[in-house]
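This report refers to the structure that appears directly beneath it.
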Amino acid sequence: MDFKLNKIIKFACRYFNRITKLFHCFIISYFLFTTLNSFAQTATATVKEKEYLIGDWIPVDLFVSASSKNKVAFPNLKDSISETIEVANFTPIDTVKKGGENQYHQLVNLIVFDTGQIMLPQFQFLVNNNGTLDSITSEAILVHVAGVKIDTSKDIIPIKEPLKIPYTFKEILPFAIGFVAFAILVGLLVWFIIKRKKKPVPIDEKYLLAPHVWAFKELEKLEKEKVWQQNIKEYYSRLTDVARTYIELRYKVPAMEKTTEELMESMHKGIVKQAFKKELNEVLTLSDFVKFAKAQPDFIENENSMKIVKNFISKTKQVEEEKKNENS
């Protein structure tokens, strides 16, 4: 019994020693991996000079070295870092692959508006290490910024006037093209006005012929064109326009500007007999229904409307001739 117990204890001790050795190996491997991985990530910020004048650009070279498996994010630079330090500009990030690592470069130009010993800021970078975010920071840089030396023993020099730089052909060309185009436009406008003045304006035929002669001529055109068979609205519009224009020329009444009712009131007994007005009023009223109420008269009404207008012109013209004969 004691022999078996001793054997079990020896076996357990051997198994425990093996587990302990494996655990130690795991701890050492994890430590080495973490240490090597941390050494693989470095960030530096450097300047070439240590002395600058106030307002000068201070070029800061940002350098990051990291494993090619990791992703590096540079700081998001704004216009101003502090009250006395501003960012003038910065270059795009340049990446160089070297072995199993990536090397990143970016040049940032800073402007310092203070004098003395100035501590430039640290720059923080983020590294994505297989889903784990690590941050590495560059060391701060100490530079000396000197003010502008002023010689108080000399008189103040007046401000120099801006230098006069001669215009180039490219700068003058747009103005020259614009001037030529404007000159051509003005010339065409003057030519058009002069030509229009010289061209005699034709006198409307209705002012050269007797009112009834002109009216019968227009009605004849309307019949020959057979307008009512094609466009009933245009037919009545042209028919009543002839009648209204004839009234304007014959009686000096502004018929084109009046409604049908107003026109009938204007043509009182002293101007036109009531018998002549009645049928003309029916045609003008029918025309209003066609133009504004979309009425559709039949062919008998269309032809009858033409006869009524002709009859009105014929009768009123005859009355005028009778009056002339009576006066003579």
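The values are calculated or read from the model by the stated rules, or taken from the named source; none is laboratory data. All values reported here derive from a predicted model rather than from experimental measurement. Don't worry about glycine lacking a Cβ; one is built from the backbone with ideal geometry, like all the others, and counts go over all protein chains shown.
Here is a yes/no grid of residues against (1) among the charged types (D, E, K, R); (2) outside the structural domain of residue 316 (by TED's automatic domain parsing); (3) more than 30 Å from residue 264 (Cβ to Cβ):
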{"site": "169", "(1), (2), (3)": "no, yes, yes"}
{"site": "183", "(1), (2), (3)": "no, yes, yes"}
{"site": "217", "(1), (2), (3)": "yes, no, no"}
{"site": "225", "(1), (2), (3)": "yes, no, no"}
{"site": "228", "(1), (2), (3)": "no, no, no"}
{"site": "233", "(1), (2), (3)": "yes, no, no"}
{"site": "238", "(1), (2), (3)": "yes, no, no"}
{"site": "246", "(1), (2), (3)": "no, no, no"}
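Within the span defined as segment 233-246, every residue fails to be touching a residue at least 40 places away in the same chain (Cβ under 8 Å), over 17 Å from residue 313 (Cα atoms) and assigned to a loop (DSSP other than H, G, I, E, B). Entry remark, segment 249-300: residues being closer than 26 Å to residue 213 by Cα and in a loop (DSSP other than H, G, I, E, B) number 12 in total. Keeping to segment 90-115, report how many residues are more than 26 Å from residue 41 (Cα to Cα) and not acidic (Asp, Glu). Here the count works out to 4.
Exactly one residue out of 313, 300 is over 58 Å from the mean Cα position of the chain (by Cα) and surrounded by 13 or more Cβ atoms within 10 Å (Cβ to Cβ), and it is 313. The set of residues in segment 168-213 that are modelled with pLDDT of 80 or more, surrounded by fewer than 10 Cβ atoms within 10 Å (Cβ to Cβ) and in a loop (DSSP other than H, G, I, E, B) contains only 168. Scanning segment 57-74 for residues that are modelled with pLDDT of 90 or more and in a loop (DSSP other than H, G, I, E, B) turns up just one, 74. Is it the case that segment 79-87 has a residue that's in contact with a Pro (Cβ under 8 Å, 6 or more places away or on another chain), modelled with pLDDT of 90 or more, within 29 Å of residue 146 (Cα to Cα) and not in a strand (DSSP E or B)? The answer is no, given that none of the residues of segment 79-87 is in contact with a Pro (Cβ under 8 Å, 6 or more places away or on another chain), modelled with pLDDT of 90 or more, within 29 Å of residue 146 (Cα to Cα) and not in a strand (DSSP E or B).
So is residue 37 surrounded by 11 or more Cβ atoms within 10 Å (Cβ to Cβ) and modelled with pLDDT of 90 or more or not? Even if it seems obvious, please write down each step before you answer.
Numbers: surrounded by 11 or more Cβ atoms within 10 Å (Cβ to Cβ): yes; modelled with pLDDT of 90 or more: no.
Against the criterion (surrounded by 11 or more Cβ atoms within 10 Å (Cβ to Cβ) and modelled with pLDDT of 90 or more), residue 37 does not qualify.
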